[in-house]
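Please read the structure below before turning to the comments.
The values are calculated or read from the model by the stated rules, or taken from the named source; none is laboratory data. Owing to the predicted nature of the structure, the values given are computational and were not obtained by experimental measurement. Cβ placement follows ideal geometry from the backbone for every residue including glycine, while neighbour counts extend to all protein chains displayed.
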Amino acid sequence: MKAPESRRTLAAVAVISTLITVGMTHAVPEIGKLGKLGDGGWFRVVGFLVAIAVIVVAGRLGGWVAARGRQPRVIGEMAAGIFLGPALLGQIAPEVQRAVFPADLIPHLGLVAQLAIICFVFLLGADLPIGLLRGSGRRVATLGIGMVGVPLVCGLLLGAGLAGAYRPAGVGLLPFVLFIGTSLSVTAFPVLVRILAERDLIKTRIGTLGLATAGSGDAVSWCLLVVVVAMARGDSAATAIPTAGLLIAFAAATLLVVRPALRHFLALAGTNTALRRCSTSVVLLCAVSGAYITDWIGVHVIFGAFLVGLAMPRDNVTAQHLGRTVERGVTFVLPLFFAVIGFSLQFTFLRNPRDFLMCGLLIVVAVASKLGATTLVARLTRLSWRESAGLGVMVNCRGLTELVMVSAGLSLGIIGPDLFAAFVVMTLVTTVMTGPLLRRLKLEREASRPADDRSIVR
């Protein structure tokens, strides 16, 4: 190995080792809480494993049912997880629900679910079409502003109206309304990719435009969420400044230092069998380490995982293989996240007219501001009505990304269980809408127009 190449390798090893060491310093005490399962004896450990098995099987069954109904599997997994909670199973068979999922096991299940969601958000960052965004042109910028800006403004107005009845005590009005607006602006990019792939729309003109628009909009939404969380975690604007500063510094270090280190490491792994065998573990450790570093900074774990995902090279064959390997593992355990959401749902929700009205209003505002506004903006950019409506349907899909965001809001105390439950219902409705509406629009007719048609960026 030549001297310059050797120095680059040593630098990459030093950077990755530093990231993992710092991150694991904060991650190990948290993950180590799983070891307390053994304090209850073998019966408690067996109960924990049985609970995981029940959740995974229920998720697989729900996914199979959803696929039979021509819906993405993730929708069935979401529904199965919610069914296992006190809101549904707890009402039908409360003794069974408490026996299989006792209260003392929920935090441990939540920890495993958190690790799953860290991996999911890492993949979200790694899959974000950065290259696609660079060449997407003015139309994508216009559509991105419409698909984020209109829901954001509508969410701010809705949040202001809901604050009196649904804002938790101790939460400022500004972070509350900003969180509502940000949550309405998000699109489930990974779920959208799967839906478009199933419909053979990935390589069409409208499919490419939809992915570029959703990717750019989600990047803005995540940045907004960082601001909201920093505001919510600080008692004042002054106390939020150090948090924001540390987060910016970590983001800069991740993209400017960790990114080239990962690129060099994965390039070496492509030619070295030993490195290739350990590359999955190293990359996952980087994702978990980044997640817990941002948790230590004072924001949520999802941001660190997302930043490490953004730092992954897109054009590396080894990285692409790693992404597929990690995705298979995440897909297997992701039902745990949906089940933990089900355990968090307030079973008294929707038992009074006010909650029904609030949930209905949230769904109407979410659909109108996202699907409706994007359709109109797309039409103004001279797309056909069919393409415009298809684009609106695509970005209206909220799926797992929305659940990650509102779960972060619940864990940070920005929203309460009642509003969280309404967001879960809205997420299910808007995600379930996507597949059937795309079938009705028959966008496959546009498939003969190639994705590199330059008219999409004019």
Count of residues meeting criterion [at pLDDT below 70 and acidic (Asp, Glu)] in the stretch 194-209: 1
Meets criteria (surrounded by 15 or more Cβ atoms within 10 Å (Cβ to Cβ), out of contact with any His (no Cβ under 8 Å at 6 or more places or on another chain) and touching a residue at least 24 places away in the same chain (Cβ under 8 Å)) for residue 113: yes
Residue count for the stretch 150-178, restricted to those that are in contact (Cβ under 8 Å) with a residue 24 or more places away in the chain and within 29 Å of residue 379 (Cα to Cα): 9
From the options 404, 432, 424, residue that is part of a helix (DSSP H, G or I), modelled with pLDDT under 85 and more than 23 Å from residue 205 (Cα to Cα): 404
Odd one out for residue 132 among (1) touching a Leu at 6+ places or on another chain (Cβ under 7 Å); (2) modelled with pLDDT of 80 or more: (2)
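Residue-wise test of (1) part of a helix (DSSP H, G or I); (2) hydroxyl-bearing (Ser, Thr, Tyr); (3) surrounded by fewer than 24 Cβ atoms within 10 Å (Cβ to Cβ).
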residue: 294; (1), (2), (3): yes, yes, no
residue: 314; (1), (2), (3): no, no, yes
residue: 321; (1), (2), (3): yes, no, yes
residue: 332; (1), (2), (3): yes, no, yes
Matching residues, the stretch 391-405, being more than 20 Å from residue 331 (Cα to Cα) and among the hydrophobic types (A, V, I, L, M, F, W, C): 391, 393, 394, 395
Residue count for the stretch 1-13, restricted to those that are in a helix (DSSP H, G or I) and surrounded by fewer than 12 Cβ atoms within 10 Å (Cβ to Cβ): 6
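This table checks each residue for (1) at pLDDT 80 or above; (2) in contact with a helix residue (DSSP H, G or I) (Cβ under 7 Å, 6 or more places away or on another chain); (3) surrounded by 23 or more Cβ atoms within 10 Å (Cβ to Cβ); (4) closer than 20 Å to residue 125 by Cα.
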{"site": "219", "(1), (2), (3), (4)": "no, no, no, yes"}
{"site": "234", "(1), (2), (3), (4)": "no, yes, no, no"}
{"site": "238", "(1), (2), (3), (4)": "no, no, no, no"}
{"site": "245", "(1), (2), (3), (4)": "yes, no, no, no"}
{"site": "251", "(1), (2), (3), (4)": "yes, yes, no, yes"}
{"site": "264", "(1), (2), (3), (4)": "yes, yes, no, yes"}
{"site": "268", "(1), (2), (3), (4)": "yes, yes, no, no"}
{"site": "287", "(1), (2), (3), (4)": "yes, yes, yes, yes"}
{"site": "290", "(1), (2), (3), (4)": "yes, yes, yes, yes"}
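Residues checked against (1) touching a helix residue (DSSP H, G or I) at 6+ places or on another chain (Cβ under 9 Å); (2) surrounded by 12 or more Cβ atoms within 10 Å (Cβ to Cβ); (3) in a helix (DSSP H, G or I):
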residue: 27; (1), (2), (3): yes, yes, yes
residue: 31; (1), (2), (3): yes, yes, yes
residue: 53; (1), (2), (3): no, no, yes
residue: 59; (1), (2), (3): yes, yes, yes
residue: 62; (1), (2), (3): yes, yes, yes
residue: 66; (1), (2), (3): yes, yes, yes
residue: 77; (1), (2), (3): yes, yes, yes
residue: 87; (1), (2), (3): yes, yes, no
Lone unmet requirement of (1) crowded, with 20+ Cβ neighbours inside 10 Å; (2) within 15 Å of residue 423 (Cα to Cα); (3) out of contact with any Pro (no Cβ under 9 Å at 6 or more places or on another chain) for residue 355: (1)
Residue check for residue 118: modelled with pLDDT of 80 or more, closer than 18 Å to residue 408 by Cβ and β-branched (Val, Ile, Thr): yes
Residue that is farthest from residue 311 (Cα to Cα) [pool: residues in the stretch 270-300 that are without any contact (Cβ under 8 Å) to a residue 12 or more places away in the chain and among the hydroxyl-bearing types (Ser, Thr, Tyr)]: 273
Filtered residues of the stretch 341-397 (kept if under 30 Å from residue 106 (Cβ atoms), in a loop (DSSP other than H, G, I, E, B) and modelled with pLDDT under 85): 345, 346, 347, 348, 349, 350, 351, 352
For residue 97: the one exception among (1) touching a residue at least 60 places away in the same chain (Cβ under 8 Å); (2) buried (at least 18 other Cβ atoms within 10 Å of the Cβ): (1)
Residue satisfying all of: in the stretch 89-100; small (Gly, Ala, Ser) and in a helix (DSSP H, G or I); modelled with the highest pLDDT among these: 99
Single unsatisfied condition, residue 297 versus (1) over 22 Å from residue 16 (Cα atoms); (2) modelled with pLDDT under 85; (3) not small (Gly, Ala, Ser): (1)
